[in-house]
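Structure first, then comments.
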Amino acid sequence: MGKATKYVSKQADENGVIHWSEEENQTWQALIERQLACVQGKACDEYMHGLKKLNLPKDRIPQLSEVNQVLLAETGWQCVQVPALIGFGEFFRLLSEQKFPVATFIRSKEEFDYLQEPDIFHEIFGHCAMLTNPAFAKFTQAYGQLGLNASKEDRVYLARLYWFTVEFGLMKTPQGLRIYGGGVLSSPGETDYAMSQGNAERRYLTNEAQVLDVLRTPYRIDIMQPIYFMIEKMSDLDAIRALDLMALVEQAKTLGLHTPKFPPKTTPTTQEKIAS
């Protein structure tokens, strides 16, 4: 498992309802109102369509059952409540079963702008809208199935694919650059940074060689990203899913990692501690 965290997921009652405090609902409202304004003209159409389908409340934290009603109807997915941090094995198992893990806590006011642990705002607002899209949903499930049967070493390589797609993926559309990664879409700072010219390198992710590039690219979770990878259309994820990804992992292991484009850190990240 991962490091100790001050956050604890709230438990549902016998009817599956989580009772959020007024302060927690106010935090949700402040977060969603800020980010809804931030993603306009920056999020991809598929995300905005999914957000409309979810019809998330603004004045309170949604119940998982409300989100699940939409996801199940659209793609067969559902959210499941998990502790604040879970291990890689459980993470992959849930994704392989079309279950998206959601830690049922919301960040404190002290960490309003940034926290390393993914809270319910990150998971619901950042990711669930995209899970209404069939190509994205199938890609995420296939990723879970691969990871479920992978070795510990292979999972670290696979984590890079998830990071640069599901979490930090961009899309180069005819209308311009757009975002589909939940790690960007749930963060105002990352949204503005990713969309601004000159801040970071952008590479394409549309063929086998570029997937291999992703698997060899180091990242850090606690800094603005120096590299983003772009697909051109959501069906590119279908093409990536059809590749022999584990064979590419083996190639990546043989070739080794690219030189990091960021300074070394002094302490392990949460994700690395979970993987170890």
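The values are calculated or read from the model by the stated rules, or taken from the named source; none is laboratory data. Just so it is clear, the structure is predicted and the values come from calculations on it, not from any experiment. Counting neighbours? That spans all protein chains shown, and the Cβs are built from the backbone with ideal geometry, glycine included. Note: accessible area is taken over every heavy atom of the protein model, side chains too, but ligands, DNA and RNA are not part of it. Shrake-Rupley method; radii C 1.70, N 1.55, O 1.52, S 1.80 Å.
Counting alpha carbon pairs within less than 8 Å and at least 6 residues apart, what relative contact order, in whole percent, applies to region 22-255?
This gives 20 percent for region 22-255.
Could you pull out every residue, at least 5 positions away or on a different chain, whose amide H is within less than 5 Å of the one on Y228? Hs are placed 1.01 Å off N in the peptide plane, and Pro or chain starts have none.
Under 5 Å from the amide H of Y228: E201, R202, R203.
Mind listing the long-range amide H neighbours of I179? Cut-off is under 5 Å, sequence gap 5 or more, other chains count too, H placed in the peptide plane at 1.01 Å from N.
Residues meeting the amide H criterion: A43, C44, M171.
As a test of the formula, what do you get for the chain when each DSSP H run with n ≥ 4 contributes -39,500 (n - 2.57) and the sum is divided by the residue count, at 222 nm and rounded to the nearest 500 deg cm²/dmol?
-12500 deg cm²/dmol
With +1 on each Lys and Arg Cβ and -1 on each Asp and Glu Cβ, and nothing else charged, work out how big the dipole of region 22-255 is about its Cα centre, in Debye to the nearest 20. Write down the numbers at each step before the final one.
Values: 23 positive and 31 negative charges, 98 e Å.
Dipole size: approximately 480 debye.
In whole percent, how big is the carbon plus sulfur part of the accessible area of region 74-188, probe 1.4 Å, protein atoms only?
Heavy-atom surface of region 74-188 belonging to carbon and sulfur, 1.4 Å probe: 50 percent.
What order do you get for 253-261, 49-57 when each peptide is scored by the mean count of other beta carbon atoms within 10 Å, highest first?
Working: 253-261: 11.3, 49-57: 16.6.
Result, highest mean first: 49-57, 253-261.
K109: which lysines have alpha carbons under 30 Å from its alpha carbon, excluding same-chain residues fewer than 8 sequence positions away?
K3, K6, K10, K42, K52, K53, K58, K99, K265, K273
Please state the shape class of region 110-222: rounded when a/c is under 1.5, otherwise prolate if a/b exceeds b/c and oblate if not, all from the C-alpha gyration tensor.
It comes out rounded by the Cα gyration axes.
Pull up all non-local amide H partners of C79: gap of 5 or more, or a different chain, and H-to-H distance under 5 Å with H placed in the peptide plane.
N68, F100
Can you pull the Kirkwood radius for the chain, inverse mean 1/r over Cα pairs, to one decimal in Å?
After inverting the pairwise mean of 1/r, the radius is 19.0 Å.
Counting only heavy atoms of protein chains, what accessible area per residue, in Å², does region 138-199 have with a probe of 1.4 Å?
Numbers: 2210 Å² over 62 residues.
Result: 36 Å² per residue.
Only bridges with both residues in region 22-255 count here: give the DSSP antiparallel percent, nearest 5.
Rounded to the nearest five, the antiparallel share is 25 percent.
On the principal axes of its Cα set, how long, how wide and how thick is region 76-175? Give whole Å, largest value first.
39, 38, 27
Using per-residue counts of other Cβ atoms within 10 Å, averaged over each peptide, order 151-163, 190-202 from highest down.
Ranked from most to least packed, the peptides come out as 151-163, 190-202.
Helix by helix, which DSSP H runs in the chain go 18 Å or more along their axis at the Cα atoms and have an average Kyte-Doolittle hydropathy of -1.0 or more?
22-39, 134-148
What is the projected area of the convex hull of the Cα atoms of region 123-183, averaged over all directions, in nm²? Write down the numbers at each step before the final one.
On the way: hull surface 18.1 nm².
Answer in nm², one decimal: 4.5.
If V214, V17 are ordered by their accessible area, calculated over protein heavy atoms with a 1.4 Å probe, which sequence runs from highest to lowest?
V17, V214
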